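Please read the structure below before turning to the comments.
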Amino acid sequence: MTSTRPSPASSFDAAPGTGPGRLARGGASRVAVQPGTIRIVAVEGDGIRESEGATALARLPELLGRPNAAVWVDLVAPTPKQAEQVASALALHPLILEDVLEGNQRAKIETTEGVVHIVLFHLAYGERVVASELDIVLGLGFLLTVHEPDWDPRDGNHLAAGVGPILRHGPDHLLWAIADDLVDGYFPFADRLGDAIDDIQDEVVRTATPDTVERLFTLKRELIQTRRAISPVREVFNQLTNRDEALIDPDELVYFRDIYDHVIRLTDELDNYRELASATLDVYLTQVNNNLSVIMKRLTGVTVILAGIGAIAGVFGMSEAGSAIGGGEAGGFWAVTGFVLVLATLAAVVLRKIDWI
């Protein structure tokens with residue numbers, strides 16, 4: 001394998017969004033009812049040959065038997081029979097096949113009989129965010145990817161110009177290209193979470209309502225679920241760059257370290273967002289307590305005014321009201337009544353000035 005490598009391209013442009021949706025994992029099993037798609041891309045001489053279906057699968061042993069073989073096998077929602085056929089052609093350990101078919105794994109890296117098995121997740125975001133599992137198996141002369149039809153590795157930045165320029169440098173370089181595009185895709189999603197936190201913080205400061213705190217709890221749950229899907233990726237690439245893997249060219253390690261740096265930055269951002277969400281909840285509770293204090297002050301102010309009037313009215317008694325209306329009361333009654341009204345007005349002005357009413 002040649003040691004000349006093209007310089008990696010990274011895309012960190014954050015797509016604007018209205019806020020994250022609910023994160024969910026797409027099913028507990030990878031077993032498909034309808035036959036999936038088997039795509040095989042292989043370096044043949046100076047060219048690249050792509051094929052699909054049973055014909056491509058039949059040629060797989062021949063392609064792997066060539067010197068300096070470089071083959072990419074892409075399985076899209078395979079049935080158990082299709083997965084078994086590919087596993088047999090690639091001589092994979094039964095445990096790897098079991099993990100691929102079972103699904104519902106966590107991000108991890110395992111080496112079984114000299115074959116590296118990596119599990120990552122693709123995050124699709126919209127109204128509802130789904131974590132779709134991607135199994136990657138790196139062996140001698142081949143790279144196997146198993147994923148759902150909602151994501152296509154060819155749509156990534158590195159493979160946009162075609163698989164050939166990447167695959168010519170070996171399956172390990174194709175592994176880097178797919179993993180780098182996948183990790184770069186996490187950043188727009190993380191930025192959406194950050195934007196959602198900013199919006200909720202503004203709402204909490206302006207007005208604290210039950211709807212706001214409900215959105216905040218939903219966001220905290222999404223942050224936990226997102227971190228659960230992404231955080232183990234850090235350890236995956238930490239092991240990948242520090243292990244002595246015979247299947248990975250030493251010249252490739254610098255590229256995988258670049259992905260590792262991206263994942264560290266991403267997990268740090270998620271930790272910051274989680275702290276901001278917790279701080280926002282504290283601000284919400286503080287706002288609720290402040291609003292309650294304002295209400296209590298205003299009720300106290302009203303009580304002060306009414307208590308003064310009620311005390312004086314209690315001294316004279318309500319029986320005096322009828323005589324006063326009939327003109328039977330002396331002028332002193334009206335003087336006291338006027339004094340009470342003036343005193344209540346002054347109390348209201350003072351309480352208003354100190355923002356109690």
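We did not get these values from a lab; they are worked out from the coordinates using the rules stated. Worth saying up front: this structure is predicted, and the values here are computed from it rather than measured. As a convention, Cβ positions derive from the backbone with ideal geometry for all residues, glycine included, and neighbour counts pool all protein chains shown.
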>> Taking 0.36 nm per residue of sequence separation and subtracting the Cα-Cα distance, how much length would be gained by fully extending the chain between His93 and Glu235, in nm to one decimal?
In response: 48.8 nm
> Once you wrap a convex hull around the alpha carbon atoms of region 194-265, what is its projected area averaged over all directions, in nm²?
Replying inline: 5.7 nm²
>> Per-residue counts of other Cβ atoms within 10 Å, averaged by peptide: what ranking do you get for 159-172, 283-296, highest first?
In response: 159-172, 283-296
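So if I average 1/r over every pair of distinct C-alpha atoms in region 29-187 and take the inverse, what Kirkwood radius in Å does that give?
15.8 Å
Say R0 is 45 Å: what FRET efficiency, to the nearest 0.05, do Arg257 and Arg206 get from their beta-carbon distance?
0.50
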> Using the Cα gyration tensor of region 145-273, with a ≥ b ≥ c the square roots of its eigenvalues, what is the shape: rounded (a/c below 1.5), prolate (a/b larger than b/c) or oblate (neither)?
Replying inline: prolate
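When you count, for each residue, the other Cβ atoms within 10 Å and take the mean per peptide, how do 130-141, 95-106 rank with the highest first?
Ranking, from highest mean packing down: 130-141, 95-106.
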> Quick one: what do you get for region 125-188 if you divide its Cα Rg by 2.2 N^0.38 Å?
Replying inline: 1.16
> Measuring from centroid to centroid over Cα atoms, what is the spacing of region 160-187 and region 222-276 in Å?
Replying inline: 16 Å
>> Can you compute log10 of I(q)/I(0) for region 71-111 with the Debye formula, treating each Cα as one identical point scatterer, at q = 0.20, 0.23 Å⁻¹?
In response: -0.65, -0.86
> Once the Cα atoms of region 166-233 are picked out, what are the Rg and Dmax in Å?
Replying inline: 17.8, 58
